[in-house]
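In what follows, a single structure is set out as structure tokens and then discussed.
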Amino acid sequence: MSERSFLLIKRTVILSSIILVVMATVAVAIMYFYPFLLAIVFSLIFLPFVNYLENYLRWKRAVATFIVIATFILLLMILMTVIIAEMVQGLSFLAKVLPSYIEELTKTIQQWINTYLFPFIADFSQFTSGLERESGMTFDQSIDQILNEGSMQIGNIIQAFLNQLKDFFIAFPHALTMILFSLLASFFITKDWPQLMIWINTHLPHHFTYVSGRIFKEWKAALGHYLMAQFILVLITAFIVFAGLIILNVNYAFTTALLIAVVDIFPYIGTGIVFIPWIIYSFLNANWYMTTGLSILYGVVVIQRQLSEPKILAHHMGMPTLVLLFTVFACYQVFGFAGILFGPFILIIIQTLKNARVLEEIKHYLFR
């Protein structure tokens, strides 16, 4: 083996070990120290405002940090209050009309059963009675087994939903505590940020801090572009849904559009979790106008999302649409539905490493 080949293998092993250590460190940090990571994210949001107040208005950094964080909390509380007020009004309206809707739906289902299901069962019973006794018993047992399994599955779904709801209410105080802890930690991180940067530049190698600074700058820009693209997509969905609900003369159209826009963020759930049950309910109640209108609106929302998402993401992330589609599809093939969620973030990482010239650094280290 030549000396050059030996050096290449040695550097590849070293580089692979460093990558594995970094990935393990990041995984442990996310798992156990996520409040501090959230605090760093908050600090990155607060830093431009704090620096402005300190450098241009000559405020003390501790005072500027406190004012910025307090203002952020106040605005967040106002936003949550407005959203909760809208949701409460919408839920109050549903609490008034939902019982009558459920009663009407129950009567519709009962009427459907009496009109279609019972005659079908009677005809079916006549058919099975004409079979041999053993075959008829086997068929009846199969029907009973299917019904029992169906009832069991429905019970399991209801139980799983109730468990998830219970877990949500149990986890909510913990999540709120972690957010408050992160805001407290972000106060000290933001206040002492200049000292932290001086310490890092003093104790770490210059080349490492230089490359890390490039990576951090490019990552922040790529993540910001991705979040802006998602915000535009959600805004488009909310506008289309709000306009459609206004045309359909739906009460509390704003609250409903806001709810649908929120669930549109989640790729697994999407707007279908609201539209599909609503369409089924309207169909069972023979409300053809609402059924047709909601179906058209749902179709428009889905089509615009599928057409707009690759183009908007590619535009804001600075890459061809075909590359984005190929990456998301490859991640879907490897990771399943989770790949649809993580595909753009993998692109963000690749784009960050490319723009920060880390790939060039790696190539230079391996083949120099």
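Annotations for the structure displayed:
- Taking the square roots of 5 times each eigenvalue of the Cα gyration tensor of the range 180-288, largest first, gives ellipsoid semi-axes of 48, 15, 12 Å.
- Qualifying trypsin sites (Lys or Arg not before Pro) in the range 21-81, where qualification requires a DSSP coil assignment and no more than 15 other C-beta atoms within 10 Å, comprise 58, 60.
- Cleavage-rule hits (chymotrypsin sites (Phe, Trp or Tyr not before Pro)) in the range 1-57: DSSP loop, at most 10 neighbouring Cβ within 10 angstrom: 56
- The range 235-281: radius of gyration over Cα atoms, expressed as a fraction of 2.2 N^0.38 Å: 1.07
- Beyond 23 Å in Cα-Cα separation lie the following of the pairs 191/220; 311/363; 60/217; 311/354; 60/220: 311/363; 60/217; 60/220.
- What separates the Cα centres of the range 200-232 and the range 33-76 is a distance of 19 Å.
- Global geometry of the range 1-51, whether rounded, prolate or oblate, following the gyration tensor of its Cα atoms and the 1.5 cut on a/c: oblate
- Rounded if a/c under 1.5, otherwise prolate or oblate - the range 179-231, Cα gyration tensor axes: oblate
No value in this document is a laboratory result; all are computed from the given coordinates. Model, not experiment: these values are computed from the prediction. Methodologically, a virtual Cβ is constructed for each residue, glycine included, from the backbone with ideal geometry; neighbour enumeration extends over all protein chains shown.
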